[in-house]
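For reference, the structure is listed below as structure tokens.
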Amino acid sequence: MRIIKKFAYAAVAVACAVGIAGCDQKKAKEYAGPKVAEGAIVAIAGRSAETTSLAPLVKQYKLDGISPDKMSQLPDDAKDFIKEIGLDKADAKWFAVTVGDLSVLAKDGVPEFAVSMVATLNLDATIAAVDKKCKEKKEDVSFNKTTIAGVPAYEIVSKKDEKVVPCVAALEGQLIIGASSKAALEKQIALYRDGKGESKDFGAFVLGANDFLRVKAVKVGENAKKSIPDTSMLQMLNTFIPDGDKLVLGLGDVELAMGASADGKNVTMDAVVNTASDADADKLVTLAKSGLMAGTAQMKKAAEKDADSKLAYEVLQGIKVVGEGKAFKVTATTAAEPVIKMIAEKSK
């Protein structure tokens, strides 16, 4: 948990920029999209919905940035912090998160973790502001300026956990990269700056024209077996799925993409789970259809009295489950405006 806390001090202000503002297409040409380094087993990429066909709806419901109304509702210290680092005027194009081999946890190690983001934030100013906040709150965290792989960077150090030293750097003032260690940051710099060390397992891991989220996990069963030496816990799955433990350990790549239709009227989701056999895919289809049928019936009754349940019911109606050979596939389509309207109302 300490690595997450320490890294958060440097990343939280930067991460807030994603989804707050759109992107000037003339910026960050050299960093057009996320990349995944060798050794990663999970990758997540996303961008603001304002940069997709949902832009008109996002603006209509005032979800495009920190509006004066939203700013007025914040505490004074939060306003000052946002203005100090330029978050109120920040542009963000995309972000990516990658996680490495989790089996090191069994040996009290730290998985390789990295965050990359194209954002118009000044890293030095952001670190200075975060450092100031940490000192005010007497947090045991310091930011040591250094050079890693020829790039100015910061080490995030804590006396309570000197073995774990996350690092953060910016390439050409455009791409901000944070990583769980110096070695992990060197790897990310080589990946984005030099084009070296890209993972073949992830292929072309790109966001589609109107995608706002993409997730991929590779060799899921193999990595689960490595990360969980005692797989007896998985046997509990057998209560719900015959040989469920073997099904999980036989899983291949899993992918999910969420986005919008070209006309911006619908939100879409596509998920693919690659299994070890046609029979395993069929098991997942049967289980999913049964659960979907029960959930839809329950939500239909609730929809008569509750607006949120009505929306959930409409979403469930748009879900389709199929099996194609060894692949278990789920697709969903729902009207975009009700979803965005609900998000806007809940965020007030």
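Structure data summary
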| quantity | calculated |
| --- | --- |
| Those residues of region 232-242 which are surrounded by 12 or more Cβ atoms within 10 Å (Cβ to Cβ) and part of a helix (DSSP H, G or I), in sequence order | Leu234, Gln235, Leu237, Asn238 |
| Residue match in region 217-231 (condition: under 17 Å from Asn274 (Cβ atoms), touching a Gly at 6+ places or on another chain (Cβ under 8 Å) and in a strand (DSSP E or B)) | no |
| Strands (runs of 3 or more DSSP E) (entirely within region 123-178) containing at least 1 residues that are free of Cβ contacts under 8 Å to residues at least 40 places away in the same chain and acidic (Asp, Glu) | 151-157 |
| When residues of region 113-151 are limited to those that are among the small types (Gly, Ala, Ser) and in contact with an Asp or Glu (Cβ under 6 Å, 6 or more places away or on another chain), the one farthest from Ala184 (Cα to Cα) | Ala129 |
| Pair list, Cβ under 9 Å, 6 or more apart: region 25-52 residue part of a loop (DSSP other than H, G, I, E, B) and open to solvent by less than 40 Å² (accessible area, probe 1.4 Å), other residue of a type in the set (Lys, Arg) and modelled with pLDDT of 90 or more | Pro34/Arg214; Val36/Lys216 |
| Residue in region 274-287 that is open to solvent by 60 Å² or more (accessible area, probe 1.4 Å), in contact (Cβ under 8 Å) with a residue 40 or more places away in the chain and either acidic (Asp, Glu) or in contact with a strand residue (DSSP E or B) (Cβ under 6 Å, 6 or more places away or on another chain) (or both) present | yes |
| Output for region 288-311, where each listed residue is of a type in the set (A, V, I, L, M, F, W, C) and either more than 22 Å from Asp245 (Cβ to Cβ) or open to solvent by 60 Å² or more (accessible area, probe 1.4 Å) (or both) | Leu292, Met293, Ala294, Ala297, Met299, Ala302, Ala303, Ala307, Leu311 |
| Extreme residue, farthest from Glu222 (Cα to Cα), among residues of region 101-123 that are among the small types (Gly, Ala, Ser) and touching a helix residue (DSSP H, G or I) at 6+ places or on another chain (Cβ under 8 Å) | Ala119 |
| Counted residues, region 174-227 - those being under 16 Å from the mean Cα position of the chain (by Cα), surrounded by fewer than 18 Cβ atoms within 10 Å (Cβ to Cβ) and not hydrophobic (A, V, I, L, M, F, W, C) | 1 |
| Selected residue (only one of Val322, Val285 is of a type in the set (Val, Ile, Thr), more than 30 Å from Trp94 (Cα to Cα) and assigned to a helix (DSSP H, G or I)) | Val285 |
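Yes/no matrix, rows are residues, columns are (1) farther than 30 Å from Glu50 by Cβ; (2) at pLDDT 90 or above; (3) under 19 Å from the mean Cα position of the chain (by Cα); (4) open to solvent by 50 Å² or more (accessible area, probe 1.4 Å):
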{"position": "Lys83", "(1), (2), (3), (4)": "no, no, no, yes"}
{"position": "Asp88", "(1), (2), (3), (4)": "no, no, no, yes"}
{"position": "Val97", "(1), (2), (3), (4)": "no, yes, yes, no"}
{"position": "Asp108", "(1), (2), (3), (4)": "yes, no, no, yes"}
{"position": "Val115", "(1), (2), (3), (4)": "no, yes, yes, no"}
{"position": "Leu121", "(1), (2), (3), (4)": "no, no, no, no"}
{"position": "Asp124", "(1), (2), (3), (4)": "no, yes, no, yes"}
{"position": "Lys133", "(1), (2), (3), (4)": "no, no, no, yes"}
{"position": "Lys137", "(1), (2), (3), (4)": "yes, no, no, yes"}
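The values are calculated or read from the model by the stated rules, or taken from the named source; none is laboratory data. Please read these numbers as outputs of a predicted model, since none were measured by experiment. Neighbour counts are summed over all protein chains in view; Cβ atoms, including those assigned to glycine, are modelled from backbone coordinates with ideal geometry. For the accessible areas, the whole protein counts, side chains as well, though only heavy atoms, and no ligand, DNA or RNA atoms are used. Shrake-Rupley method; radii C 1.70, N 1.55, O 1.52, S 1.80 Å.
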